[in-house]
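Take a look at the structure set out below.
The values are calculated or read from the model by the stated rules, or taken from the named source; none is laboratory data. These numbers were taken from a predicted model, which means no experiment stands behind them. Here Cβ is always computed from backbone atoms with ideal geometry, including for glycine, and neighbour counts include all displayed protein chains. Ligands, DNA and RNA are excluded from the accessible area calculation, which covers all protein heavy atoms including side chains. Shrake-Rupley method; radii C 1.70, N 1.55, O 1.52, S 1.80 Å.
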Amino acid sequence: MNWVNLGLHAGHNTSTSSEDTLNRHGFFIGAAAQSDADVGAEEGATPADLKTSAHLGARVALAARQMAAGRAALAAA
């Protein structure tokens, strides 16, 4: 297993940040989202949480490409 972190600072924790800031909950072990208790996850995810998830997905994809390229280079050696 390989762990890929968000690579983001905590989001909504300063006077200059907003609810739209990526990693708004300040998690460092992975992506986190929060929705209101009276709506489902499909309706409750905020744009910032969805963008944070997309950011993590892109980082995971990059890490996978780098590992695949490394394996290919080792196999060719």
Within segment 4-21, does at least one residue satisfy the condition of being loosely packed, with under 13 Cβ neighbours inside 10 Å and assigned to a helix (DSSP H, G or I)?
no
Scan segment 1-18 for residues that are within 16 Å of the chain's Cα centre (by Cα) and either among the polar types (S, T, N, Q) or farther than 21 Å from Arg59 by Cβ (or both) and report the count.
2
Within segment 29-49, can you find the residues that are within 28 Å of Arg65 (Cα to Cα) and more than 9 Å from the chain's Cα centre (by Cα)?
Ile29, Ala33, Pro47, Ala48
Conditions: (1) in contact (Cβ under 8 Å) with a residue 40 or more places away in the chain; (2) open to solvent by less than 50 Å² (accessible area, probe 1.4 Å); (3) not hydroxyl-bearing (Ser, Thr, Tyr). Ala48 meets all but one. Number of the miss?
(1)
The residue that is surrounded by the fewest Cβ atoms within 10 Å (Cβ to Cβ), considering only those in segment 22-45 that are in a helix (DSSP H, G or I) and among the acidic types (Asp, Glu), is Glu42
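So which residues in segment 51-75 are open to solvent by 50 Å² or more (accessible area, probe 1.4 Å) and touching a Leu at 6+ places or on another chain (Cβ under 8 Å)? Give the steps one after another, and end with the answer.
We begin by selecting, within segment 51-75, every residue open to solvent by 50 Å² or more (accessible area, probe 1.4 Å); these are 51, 53-55, 58-60, 62, 64-69, 71-75.
Within segment 51-75, Lys51, His55, Arg59 meet the criteria.
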State whether the residues of segment 39-53 include one that is modelled with pLDDT of 85 or more, small (Gly, Ala, Ser) and at negative phi.
yes
How many residues are touching a residue at least 24 places away in the same chain (Cβ under 8 Å) and over 13 Å from His55 (Cα atoms) if we restrict to segment 26-44?
1
